[in-house]
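Before any comments, here is the structure.
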Amino acid sequence: MAGEKQPEPKTEEIDRSFEEADDDTRTPAERAGVIINHATAQAAFWGAWPAVSWVALVMINMTMIVFIGRAYGHLWDKDKARGLLFQILRGMGLSTGLLLAGGKFVNDALKLTGLGTIPAMAADAVLCGAVTYAVGHTTEAYFKQDGQMSKQALKAAFKEQYRQAKQRMKETPPAVP
């Protein structure tokens, strides 16, 4: 990847891609499913790139939360979505959070050095996709319950969805958008 120009995530392009993926003629659950799959593929794609993947991951997850909220009749802005995102991520617990952040840091370091770049890109794609998938399904549960989930319920939902996501990513990695 040395000498290769890295793409930069652009908010307006990410937003436009979600607008194109969303279809308000579907049921809220169908819309949420499409949005989550779209976001998971986007996150996996951006996970391949060092450094920018952190920025892209937050942008994609915030936009996903806004669109899932819309599907369920909640018109949120990105600031409110960021609050829910960080509440969900805080709920993963210190050990899980450190494990994910450490894995992300190691993968980024390997991608930048050129040692193990391809395996690190693949591992990061799975990590970013799995986190986004779990955030998406946790967000959907939150909106299905009209925002009435305790911190413990959010934590449990995220951990279960993340466990499922890791398994699914191993079986069928997401397609690049």
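Remark: relative contact order (the range 9-87) = 31 percent; criterion is Cα-Cα distance under 8 angstrom and separation of 6 or more residues. Excluding Glu13 itself, what net charge comes from residues whose Cβ is under 12 Å from its Cβ, given Lys and Arg +1 and Asp and Glu -1? Spelling it out: positives minus negatives among the neighbours equals -3. The aspartates and glutamates within cross-link reach of Lys155, meaning a Cα-to-Cα straight distance under 18 Å and a gap of 8 or more places when in the same chain, are Glu140, Asp146. Among the listed pairs Lys10/Lys159; Lys80/Lys144; Lys10/Lys144; Lys10/Lys166; Lys80/Lys159, those whose Cα-Cα separation exceeds 25 Å are Lys10/Lys159; Lys10/Lys144; Lys10/Lys166.
For the range 15-88, applying the loop criterion from DSSP together with a ceiling of 15 other beta carbons within 10 Å to the trypsin sites (Lys or Arg not before Pro) yields Arg26. Amide H contacts under 5 Å for Trp49: none, restricted to partners 5 or more places along the chain or on a different chain, H placed in the peptide plane at 1.01 Å from N. Share of carbon and sulfur in the accessible area of the range 34-89 stands at 65%, probe radius 1.4 Å.
The values are calculated or read from the model by the stated rules, or taken from the named source; none is laboratory data. Just so you know, these numbers come straight off a predicted model, no measurement behind them. Positions of Cβ are generated from backbone atoms using ideal geometry, with glycine treated the same way; all protein chains shown enter the neighbour counts. The protein model used for the area step is the full one, side chains on, heavy atoms only, and it has no ligands, DNA or RNA in it. Shrake-Rupley method; radii C 1.70, N 1.55, O 1.52, S 1.80 Å.
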